[in-house]
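The values are calculated or read from the model by the stated rules, or taken from the named source; none is laboratory data. Everything numeric here is computed off the predicted structure, so don't read it as measured data. For neighbour counting, all protein chains shown are included, and Cβ atoms are generated from backbone atoms with ideal geometry for every residue, glycine included.
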Amino acid sequence: MKATTVPTDSVRRHVRFAPLLAGLTLVTGADPAPLAAPQPPTTLVVFVTVDQMRADYLPRFAAQLTSGLGRLIRGGAWFTDGDLDYANTETAVGHATVLSGRFPRHTGIVSNERGVPDSAFPLREARGPGASPLRFRGTTLIDWMRVRDPGARALSVSRKDRAAILPLGRARGAVFWYAEPDGPFTTSTYYMDTLPTWVRTFNARRLPQRAAGRAWTLLLPDSAYPEPDSVPIEGGGRDFVFPHLLTADSARAARDVIQYPWMDQITLDFALAGVEALGLGHGPGTDLLAISLSSTDAVGHRYGPDSREIHDQILRLDRALGAFIDSLYRLRDSARIVIALTGDHGVGPFPELYAARTGRPAGHVSLRGPITEARRALTAQGAPTRAFRIESNALWVDRAPLRAAGVAVDSLIAAFVDLARRVPGVARVDRVAALAGADTLHDTIARRWVHALPPDLPIEAVVTLEPYWVWGRAADVQHGGPHDYDTHVPVVFYGPSFRPGRYPDPVRVVDMAPTIAAAIGVTPSGALDGHVLRAALRAAPALDRR
C-alpha cells in the first residue's frame, strides 16, 4: 500500500520533530557509540502496550519503580518525548498503530466504534459481540516476519478485543481477549473454530472469580503517596477512598475485576501460559508476543491521572511486569528476547479539578444544539437524520441519501460548523477539505488531524475542544483528542539489540515497528509513516531482502 506524502513530509519539517532528520542523540550529548558485535538472533519479540499510559507516569513515579517498568527504563532505550502525533486518540486507533508503523490515515482504524466489531465472526465459548480485523488496512510486524519465515508464530492477548486483535492487523494467529463483561478468555471465528485446550485449562482456573472479596490496598506505606485519598469527584462520588473492596459474589467479581489492578496480573498469567503452550521463542526463527494491559485505563477513567489510585496502579503494574519478565527469562534465553513498551493514548484530568487547581476555565461540552438544528432541517425535507451524525469528534455525512432528498449538503454542513464553533469549550471546527492546505509545520492540531483521517471516509468536519474540556456530563476523565496530554506516551526498547540510555528527542509510536524490524533483520512491506530509530540500535542484523 502506498502512503501519502503530505502528512509525513509535514512532520519531517515540523520543528518539534526536526531532530529526526539529523539523527537522535542521548541526553548526555555524547556521540553514538560504535556498533557492537552482532547479537545472537532474536527468537522472541515481546511488545507491551499499556492502555492509557501517559508519558509522564514513568518519570513521575521512577524512584518507586523497582521491578518491570524500572528495569525497562533504566536498562533500555527510553525515549522520553514519545508521541502518537494523530488526533483520534482512542484504544482501537492506538493498537492499530503500534505494530504497523502507520498512522490511522493509512490503517483505516479511526475510532473504537469503527474498529473490530463484526457480527459475522462470533465468539468461541463466550457471550459478547463478534469481532474481526477486517477494517484494518495494510500490514504489521508479524506480516513482515512471515515473509522471511512463514512459520513465525504470534500470540496477542488483552482484556479488550480491539487491543488483542489490531496489533496483528489482519494476520491470523493466537489472538485472545477477555469476553466482557464477565469472561472467560476467548477468540472469534476469524481466528479459530474451537478454543485450544490450554485456553480452556486456564479459564478453568477461574482466576477472576477467585478474586471475589479481595481488597485493593496500598502497595506502599501511606506516606509514599503525595496524592490526597479523599477526592469525592473520583469514582463518581462512590468508593473513592482506599481500600477498595471487590464484591464477594464470584459471578459479579468476574465482571468487576476489570476495574482493578489484578486484571493486569491475570492477563500476564494468561500470556505466560500461552508462551509455554505454543512454544513461543524456542527458535530457530523469531516469534511475536503482543500484550495489552488495560487496568491503567480502567483505573484512570474512574479515578483520574492525578489520583492516589493511579499512582498505586502504576506501582502494581511495575511489580507485575517484573514478575512476568523474570518468569519469561526462566523459560527462554534473555539474550534472544527484545521487549518494547508504549501506550495507546494518554488522558486528561477531571476538568473540575483542573479548573480548581489552575483557576483556568474547563468544563463539559455538548453539540446537542447544532446537531438538533441540522436534524430539524433534515426532517423537514424528509431526509434521513442518521446520514448526518457526530462520532468521536468527527462529523460524518452520507451525501448520497441527503442529495436524493434535495438537501443542500454543503450549506447544511456550513451551518453546523458555524453553530458548533460558538459552543463554549469548542476550540475549533475544521473542514476536512481545508486541512490538506493547512500549515502543518506550525499547526500541530491540523497535522494531527491530517494523520488521523483516511481520505476516503465520509468525514466532513472535525471538532477540537479547548484543552481540559470534555464531552458530555459524565463524571470521568476522557481521552480521544489531539492535545498533548492525550498524545504523549512512553516509547521504550529493551534487550541486547538496543543501546540503553535516556533519549530526549521527539519520536513517534509509528517509529516503533520499523525500529524493531531493523533490530531483528526483517523488511517492512509497503510505505511507512515511521522511521528506524537507529541511535537506539546496537548492531542491526542484515535485512532479509527476499
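Data overview
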item	result
Any hit, segment 480-488, residues being in contact with a Pro (Cβ under 9 Å, 6 or more places away or on another chain), surrounded by fewer than 22 Cβ atoms within 10 Å (Cβ to Cβ) and not aromatic (Phe, Trp, Tyr)	yes
Residues that are closer than 12 Å to residue 54 by Cα and not in a strand (DSSP E or B), drawn from segment 343-352	344, 345, 346, 347, 348, 349
Within segment 142-159, tally of residues that are surrounded by 24 or more Cβ atoms within 10 Å (Cβ to Cβ), out of contact with any Pro (no Cβ under 6 Å at 6 or more places or on another chain) and not hydrophobic (A, V, I, L, M, F, W, C)	2
Segment 494-508 residues that are farther than 14 Å from residue 76 by Cα, paired with ones that are among the small types (Gly, Ala, Ser) and outside any loop (DSSP other than H, G, I, E, B) (beta carbon under 6 Å, 6 or more apart)	507/82
Test: residue 507 is outside any strand (DSSP E or B) and either in the same structural domain as residue 100 (by TED's automatic domain parsing) or of a type outside the set (Lys, Arg) (or both)	no
Residue within segment 522-542 that is modelled with pLDDT under 95, under 20 Å from residue 99 (Cα atoms) and not small (Gly, Ala, Ser) present	yes
Cross-chain or 6+ apart pairs with Cβ under 8 Å, segment 224-245 first and touching a residue at least 24 places away in the same chain (Cβ under 8 Å) and assigned by TED's automatic domain parsing to the domain that holds residue 65, then surrounded by fewer than 12 Cβ atoms within 10 Å (Cβ to Cβ) and aliphatic (A, V, I, L, M)	243/215; 244/215; 245/215
Residue 498 outside the structural domain of residue 430 (by TED's automatic domain parsing), of a type in the set (Phe, Trp, Tyr) and within 19 Å of the chain's Cα centre (by Cα)	no
Residue that is nearest to residue 448 (Cα to Cα), among those in segment 396-431 that are surrounded by 14 or more Cβ atoms within 10 Å (Cβ to Cβ) and among the acidic types (Asp, Glu)	430
Among residues of segment 320-335, those that are surrounded by fewer than 19 Cβ atoms within 10 Å (Cβ to Cβ) and part of a helix (DSSP H, G or I), counted	9
Qualifying residue in segment 214-230 (condition: over 25 Å from residue 477 (Cα atoms) and in contact with a Gly (Cβ under 6 Å, 6 or more places away or on another chain))	no
Boolean, residue 300 is touching a residue at least 40 places away in the same chain (Cβ under 8 Å), surrounded by fewer than 24 Cβ atoms within 10 Å (Cβ to Cβ) and either part of a helix (DSSP H, G or I) or in the same structural domain as residue 63 (by TED's automatic domain parsing) (or both)	no
The listed residue being modelled with pLDDT of 95 or more, β-branched (Val, Ile, Thr) and more than 30 Å from residue 56 (Cα to Cα), out of 365, 423	423
Selection status of residue 194, in a loop (DSSP other than H, G, I, E, B), surrounded by fewer than 17 Cβ atoms within 10 Å (Cβ to Cβ) and either not basic (Lys, Arg) or not assigned by TED's automatic domain parsing to the domain that holds residue 268 (or both)	yes
Residue 213 vs. criteria assigned to a helix (DSSP H, G or I) and assigned by TED's automatic domain parsing to the domain that holds residue 118	no
Residue match in segment 269-286 (condition: under 21 Å from the mean Cα position of the chain (by Cα) and either outside the structural domain of residue 51 (by TED's automatic domain parsing) or of a type in the set (S, T, N, Q) (or both))	no
Listing of helices (runs of 4 or more DSSP H) fully contained in segment 404-471 that carry 3 or more residues being touching a residue at least 60 places away in the same chain (Cβ under 8 Å)	444-452
Where residue 236 falls short, out of the listed (1) in a helix (DSSP H, G or I); (2) buried (at least 17 other Cβ atoms within 10 Å of the Cβ)	(2)
Candidates 435, 419, 441, filtered to the one that is in contact with a Phe, Trp or Tyr (Cβ under 9 Å, 6 or more places away or on another chain), not assigned by TED's automatic domain parsing to the domain that holds residue 97 and not polar (S, T, N, Q)	435
Residue among 290, 362, 340 that alone is outside any strand (DSSP E or B) and of a type in the set (Gly, Ala, Ser)	362
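One line per residue, one yes/no per condition, for (1) of a type outside the set (D, E, K, R); (2) free of Cβ contacts under 8 Å to residues at least 40 places away in the same chain; (3) closer than 14 Å to residue 95 by Cβ; (4) part of a loop (DSSP other than H, G, I, E, B):
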position: 151; (1), (2), (3), (4): yes, no, no, yes
position: 156; (1), (2), (3), (4): yes, no, yes, no
position: 166; (1), (2), (3), (4): yes, no, yes, no
position: 198; (1), (2), (3), (4): yes, no, no, no
